[in-house]
1. Scanning for something within 18 Å of the chain's Cα centre (by Cα), buried (at least 23 other Cβ atoms within 10 Å of the Cβ) and modelled with pLDDT of 90 or more, does the stretch 266-286 turn up at least one residue?
2. For a quick check of your reading of the model, give me the residue pairs whose first member lies in the stretch 76-97 and is within 27 Å of Ile134 (Cα to Cα) and among the polar types (S, T, N, Q), whose second is surrounded by 16 or more Cβ atoms within 10 Å (Cβ to Cβ) and at pLDDT below 85, with beta-carbon atoms closer than 7 Å and at least 6 apart or on different chains.
3. Within the stretch 27-45, is even one residue over 25 Å from Gln180 (Cα atoms), in contact with a Leu (Cβ under 6 Å, 6 or more places away or on another chain), in a helix (DSSP H, G or I) and modelled with pLDDT under 95?
4. With respect to Gly262, determine if the residue is surrounded by fewer than 16 Cβ atoms within 10 Å (Cβ to Cβ) and at pLDDT 90 or above.
5. Quick one: is Arg165 among the basic types (Lys, Arg) and farther than 23 Å from Leu209 by Cβ?
6. Given the criteria of a type in the set (A, V, I, L, M) and either exposed (fewer than 14 other Cβ atoms within 10 Å of the Cβ) or closer than 28 Å to Ile259 by Cβ (or both), does Ala138 qualify?
Amino acid sequence: MPLQAITKLVSADLLSVNETILQCLESHVEVINQIGHYLINSGGKRVRPLVVLLSAKACQAKGTSAISMAAIIEFIHTATLLHDDVVDGSKLRRGRPTANHVWDNPTAVLVGDFLYSRAFQMMVSLNNMTSMRILADATNVIAEGEVLQLAHRHQPDVTEEQYKRVIHFKTAKLFEAAAQLGGVMANQSNDIVNALAEYGLQLGMAFQLADDVLDYQATNQSWGKNIGNDLAEGKATLPLIYAMKSAPHQQAMQIRKAIMQGNLADLELIQEAIIATGAIEYTQIVAKEAIRKAQDALVCIPPSPYREAMAKLATFAIERGN
């Protein structure tokens with residue numbers, strides 16, 4: 001089931017989410033409107049809002065609260081992208097210049113702050129303490145993940161466990177919250193909400209693992225950002241961690257040096273080492289295990305086209321870009 005077939009199930013709700021986003025973006029400060037619209041219209045797949053909507057539909061949620069919650073999730077995600085691009089010094093995202101590159105770093109950071117605070121204004125309007133707690137916890141964990149990733153930069157001795165902790169905090173936590181919130185909006189039991197949380201967590205892990213593979217496997221045109229970004233930023237992702245452990249000494253030292261220096265001079269040789277050691281296949285195996293766990297977590301959700309779409313979305317997480 002391609003992504004288009006999955007989104008078709010909730011196409012009307014996704015249109016409502018986009019309308020809500022545009023309405024809530026409005027500000028008296030023109031540069032906020034400009035950057036906000038630039039980001040929202042940058043071609044993102046709206047996967048996290050999609051998780052909210054599918055989860056809510058699978059749990060038979062009533063009313064429009066899931067639409068508002070999906071918009072809130074997208075605001076938080078967009079804010080994290082703004083801050084990420086400033087921290088990483090990125091110039092390209094989704095095939096377009098980043099906001100910090102088009103405007104400047106201080107403006108991008110402050111507009112990210114605006115999006116965070118607007119998201120919390122929207123949360124308050126829903127008057128649901130459980131959802132506020134989930135989102136408050138999620139945003140705090142995401143911030144911890146960002147700091148943790150920064151602390152691990154240019155550190156070639158990062159372990160697989162440390163790497164997984166970073167991507168859990170930085171990426172998977174928002175997927176976890178998105179899936180949970182669908183159940184909360186449907187007033188489901190704690191068991192159902194916890195199962196949805198596990199689904200979202202594992203889905204988010206698989207998404208990030210797939211991203212880390214694509215950083216060494218895709219092309220700039222298909223990927224929408226510069227290949228080798230992670231290495232240039234000194235990030236020891238799983239393909240690099242596995243390759244360093246499995247490669248001959250000289251190649252392993254080459255990778256270590258590149259991580260420590262953030263140097264792309266040997267990118268082609270490092271890509272060859274990643275392929276030769278089976279690091280791509282290993283990372284894909286770890287991602288597929290996360291997908292299996294995500295799909296297993298859905299067993300307690302009643303069968304429906306929406307539950308099936310959630311299971312297929314997990315598969316899409318590792319098939320995109322291939």
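1. Here is the first cut: in the stretch 266-286, the residues within 18 Å of the chain's Cα centre (by Cα) are 283-284, 286.
Add one more test, that the residue is buried (at least 23 other Cβ atoms within 10 Å of the Cβ), and what stays is 283.
Cutting the leftovers down to modelled with pLDDT of 90 or more gives us 283.
There is at least one residue in the stretch 266-286 that is within 18 Å of the chain's Cα centre (by Cα), buried (at least 23 other Cβ atoms within 10 Å of the Cβ) and modelled with pLDDT of 90 or more.
2. Partner pairs satisfying both residue conditions: Thr78/Leu39; Thr78/Ile40.
3. Within the stretch 27-45, one or more residues are over 25 Å from Gln180 (Cα atoms), in contact with a Leu (Cβ under 6 Å, 6 or more places away or on another chain), in a helix (DSSP H, G or I) and modelled with pLDDT under 95.
4. Values: surrounded by fewer than 16 Cβ atoms within 10 Å (Cβ to Cβ): yes; at pLDDT 90 or above: no.
No.
5. On the way: among the basic types (Lys, Arg): yes; farther than 23 Å from Leu209 by Cβ: no.
Considered against the rule, which asks whether it is among the basic types (Lys, Arg) and farther than 23 Å from Leu209 by Cβ, Arg165 comes out as no.
6. Working: of a type in the set (A, V, I, L, M): yes; either exposed (fewer than 14 other Cβ atoms within 10 Å of the Cβ) or closer than 28 Å to Ile259 by Cβ (or both): no.
In short, no.
Yes/no per residue for (1) among the β-branched types (Val, Ile, Thr); (2) in contact with an Asp or Glu (Cβ under 7 Å, 6 or more places away or on another chain); (3) surrounded by fewer than 23 Cβ atoms within 10 Å (Cβ to Cβ); (4) in a helix (DSSP H, G or I):
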{"site": "Gln60", "(1), (2), (3), (4)": "no, no, yes, no"}
{"site": "Phe75", "(1), (2), (3), (4)": "no, no, no, yes"}
{"site": "Thr78", "(1), (2), (3), (4)": "yes, no, no, yes"}
{"site": "Leu82", "(1), (2), (3), (4)": "no, no, no, yes"}
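The values are calculated or read from the model by the stated rules, or taken from the named source; none is laboratory data. For clarity, every value in this text was computed on a predicted model and none was experimentally measured. We place every Cβ from the backbone using ideal geometry, glycine too, and count neighbours over all the protein chains shown.
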